[in-house]
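Trainee: Before anything else, here's the structure in question.
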Amino acid sequence: MGPLRVRYLDGSGLRVAYAVRARTAVARNRVRRRLRAVFRERAETLRPGAYLVTAGDDVLDAGFDTLREATDQLARLVSR
């Protein structure tokens, strides 16, 4: 499925929350910053609603292209 998981609730507007498991606060914050950047980039492709994105510290090793692909994959799953 990839490095990310998502829970989605239908609604108006776009809200994204992040639940990140990481060994340290520094790693957790780095993962959140990276995810926020990717989701900001992809905001217009996402269906309106509330998203809870779950990620582990393995996302630290993933490149931005991998995160973009995972985000696009999640967007396709939610739009079904």
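Trainee: Here are some conditions: (1) within 17 Å of ARG7 (Cα to Cα); (2) touching a residue at least 40 places away in the same chain (Cβ under 8 Å). ARG76 meets all but one. Which one does it not meet?
Mentor: In the conditions (1) within 17 Å of ARG7 (Cα to Cα); (2) touching a residue at least 40 places away in the same chain (Cβ under 8 Å), ARG76 misses (2) alone.
Trainee: While we're looking at this one, here's another question. How many of the residues in segment 43-61 are more than 14 Å from VAL20 (Cα to Cα), out of contact with any Leu (no Cβ under 8 Å at 6 or more places or on another chain) and touching a residue at least 24 places away in the same chain (Cβ under 8 Å)?
Mentor: The qualifying residues number 2.
Trainee: Considering only residues that are within 11 Å of the chain's Cα centre (by Cα) and of a type in the set (Ser, Thr, Tyr), which ones fall in segment 1-48?
Mentor: Hit for segment 1-48 is TYR18, nothing else.
Trainee: Name the residues in segment 18-49 that are farther than 19 Å from THR66 by Cα and touching a Phe, Trp or Tyr at 6+ places or on another chain (Cβ under 7 Å), would you?
Mentor: Within segment 18-49, just GLY49 meets the criteria.
Trainee: Just for segment 1-58: of the residues that are of a type in the set (Phe, Trp, Tyr) and out of contact with any Gly (no Cβ under 9 Å at 6 or more places or on another chain), which one is farthest from VAL78 (Cα to Cα)?
Mentor: Among those residues, the one meeting the criterion is TYR18.
Every number here is computed from the coordinates shown, using simple stated rules; none is lab data. The model shown is predicted, which means the values in this text are computed figures rather than measured ones. Because the Cβ atoms are built from the backbone with ideal geometry, glycine has one as well, and the counts that use them run over all protein chains shown.
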